[in-house]
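Chemist: Below is a structure I'd like to ask you about.
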Amino acid sequence: MDNKTFKKNDLILIICLALASAVMLIGITFFSKDGATVVISVDGKTVKSFPLDTDTTYNIGGFHGSTNILEIKDGKAHLTDASCPDKLCVNMGYISKEGQSIICLPNKVVVEIKGKTKDNNNFDTISE
Ligand SMILES: [Zn+2]
């Protein structure tokens, strides 16, 4: 066997193994997270996600310069303020369970709770 070819194949194998274990590690970290995740999307694209068990405030830069202020507190998420005219999203109040969502139609903002036990792969939307 050509020694050079062998080494090249070896290297490819090592890279493949390294990539595979990295993907597995990310997967384990992601799916074993305690509690749910608050996923924010604007105009159908995921822009940010936060763990539901960590208190935080985030200004969602929505569609065409709109704003929605998200607050996560005590394991619940809600919008404290928004630039939309109807304020329906603010009036929706708190969400805390998997599958619940707050939708702001004028700003095209969706705040959704996603659980840790989902079988479908969420990486495609998260990595955008
Ligand atoms: Zn709104």
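Chemist: If amide H atoms are built 1.01 Å from N in the plane of the peptide, which residues on other chains or at least 5 residues away come under 5 Å of the amide H of ASP81?
Modeler: The answer is ILE69.
Chemist: For LYS87 paired with ALA20, estimate the spin-label separation in nm (one decimal), with each label point 7 Å from Cα along the Cα-to-Cβ line.
Modeler: 5.7
Chemist: Express the accessible area of segment 37-126 per residue in Å², computed with a 1.4 Å probe while the remaining protein chains stay in the model.
Modeler: Per-residue value: 55 Å².
The values are calculated or read from the model by the stated rules, or taken from the named source; none is laboratory data. Please read all numbers here as calculations on a predicted model, not as lab measurements. Cβ coordinates were reconstructed from backbone atoms using ideal geometry, including for glycine residues, and neighbour counts include every protein chain displayed. The area values use the complete protein model at the heavy-atom level, side chains included, leaving out ligands, DNA and RNA. Shrake-Rupley method; radii C 1.70, N 1.55, O 1.52, S 1.80 Å.
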